[in-house]
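Data first, discussion second: the structure below is written as structure tokens.
The values are calculated or read from the model by the stated rules, or taken from the named source; none is laboratory data. This one's a predicted model, so the numbers in the text were calculated from it and none came from an experiment. Every residue, glycine among them, receives a Cβ derived from its backbone with ideal geometry; neighbour counts consider all protein chains shown. In case anyone asks, the SASA skips ligands and DNA or RNA and just uses the protein heavy atoms, side chains included. Shrake-Rupley method; radii C 1.70, N 1.55, O 1.52, S 1.80 Å.
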Amino acid sequence: SAVISQKPSRDICQRGTSLTIQCQVDSQVTMMFWYRQQPGQSLTLIATANQGSEATYESGFVIDKFPISRPNLTFSTLTVSNMSPEDSSIYLCSVVWGSSYEQYFGPGTRLTVT
Amino acid sequence: EDQVTQSPEALRLQEGESSSLNCSYTVSGLRGLFWYRQDPGKGPEFLFTLYSAGEEKEKERLKATLTKKESFLHITAPKPEDSATYLCAVPHSNSNSGYALNFGKGTSLLVTP
């Protein structure tokens, strides 16, 4: 099966700064997504990363706060901008192959904002 | 409104003590129900997809079943290595992208020797 990697695996950041998280897949995928998992909570979809066009954001998430890029079929980035302690979460990318709804997840990036 | 509810929130079993986890859902037009396993500090690991009532799937000590309103994850003779959080999810019926998964809060399973 394909390998999904994320960088960094964890980081501690100061309030007001930004962090860019990378997601790399070792084979081409149909779709890529970014989720957030806040402490003690389940996963919430932030946006769908669209290749060559603007990401599709879910209700409650905006491009200015979470800009996303997807330059090709195997790579995407999520930036968490102007961070506050409320942004402390695990950020996960997931991918879909073909037309299935089955999503496969990366290992996650644990972000702590102080 | 789409809802996914999992019970119990936490479950402690002795090794070999079989049990079931429940996932009840409310969604317009089910396009699959997904089970994942999540270990601490890791991303969810895909286990099963079920598409229609009556469908069953098995993997080692796990068996997932589906009705029109709920799904069960049966764990037979569990071992300590089965300890994890088990998540179920269904595709949102009102997602902006059409592919968003609506996750339950999970059941945290602990199997003791």
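Overview of results
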| read-out | value |
| --- | --- |
| Of the trypsin sites (Lys or Arg not before Pro) in the stretch B:45-97, those whose Cβ has at most 15 other Cβ within 10 Å and which sit in DSSP loop | B:ARG61, B:LYS68, B:LYS69 |
| Portion, in percent, of the accessible area of chain A that falls on carbon or sulfur, probe 1.4 Å | 48 percent |
| Hull volume in cubic angstrom per residue (convex hull over the Cα atoms of the protein assembly as shown) | 121 Å³ |
| Cysteines (scope the protein assembly as shown) whose Cβ has no counterpart Cys Cβ under 4.7 Å | A:CYS13 |
| Loop-located trypsin sites (Lys or Arg not before Pro) in the stretch A:1-58, at most 16 other Cβ atoms within 10 Å (DSSP) | A:ARG15 |
| Heavy-atom surface of chain B, accessible at 1.4 Å and reported per residue (Å²) | 49 Å² |
| Flagged links, alpha-carbon separation over 24 Å, of A:LYS7/B:LYS59; A:LYS7/B:LYS42; A:LYS7/B:LYS57; A:LYS7/B:LYS105; A:LYS7/B:LYS63; B:LYS57/B:LYS79 | A:LYS7/B:LYS59; A:LYS7/B:LYS57; A:LYS7/B:LYS105; A:LYS7/B:LYS63 |
| Cα-based radius of gyration of the stretch B:3-112 once divided by 2.2 N^0.38 Å, which approximates compact folds | 1.03 |
| Accessible area buried at the B-A interface, both sides summed, 1.4 Å probe (Å², nearest 100) | 1900 Å² |
| Coil-residue GluC sites (Glu not before Pro) of the stretch B:41-79, DSSP, other Cβ within 10 Å capped at 16 | B:GLU55, B:GLU60 |
| Net length gained if the chain between B:THR76 and B:LYS63 were fully extended (0.36 nm per residue, minus Cα distance) | 3.9 nm |
